[in-house]
Amino acid sequence: MITLTGFFDGSTCIPLEKADIKQNQKVIITVLDEFVQDKDKNQKLSYFGALSSSISCLSEDFDETPDDFLDYT
């Protein structure tokens, strides 16, 4: 178990430290009665959920090797 510090930007929890967290790994979030300063927000190293809404369509054959690269497999 690891402990991280971070902040909530209104829609996403943003850690202020680098962490090796895997997709679907459970987390416990504790909300404190403290607030971060703007200078602390600039230290963020990763951004949970930053790309969560940027993929609108994923091709059915995404895992297949393109024809141009079949010689390299």
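The values are calculated or read from the model by the stated rules, or taken from the named source; none is laboratory data. Worth saying up front: this structure is predicted, and the values here are computed from it rather than measured. Cβ placement follows ideal geometry from the backbone for every residue including glycine, while neighbour counts extend to all protein chains displayed.
I'm trying to understand the selection: among the residues of segment 23-37, which are among the β-branched types (V, I, T) and modelled with pLDDT of 85 or more? Within segment 23-37, V27, I28, I29, T30, V31 meet the criteria. Among residues of segment 59-73 that are at negative phi, those with a Cβ under 6 angstrom from a residue that is at pLDDT 75 or above, sequence gap 6+ or separate chain, pair up as T73/T65.
When F7, F62, F69 are screened for being of a type in the set (A, V, I, L, M, F, W, C) and either part of a loop (DSSP other than H, G, I, E, B) or at pLDDT below 75 (or both), only F62 passes.
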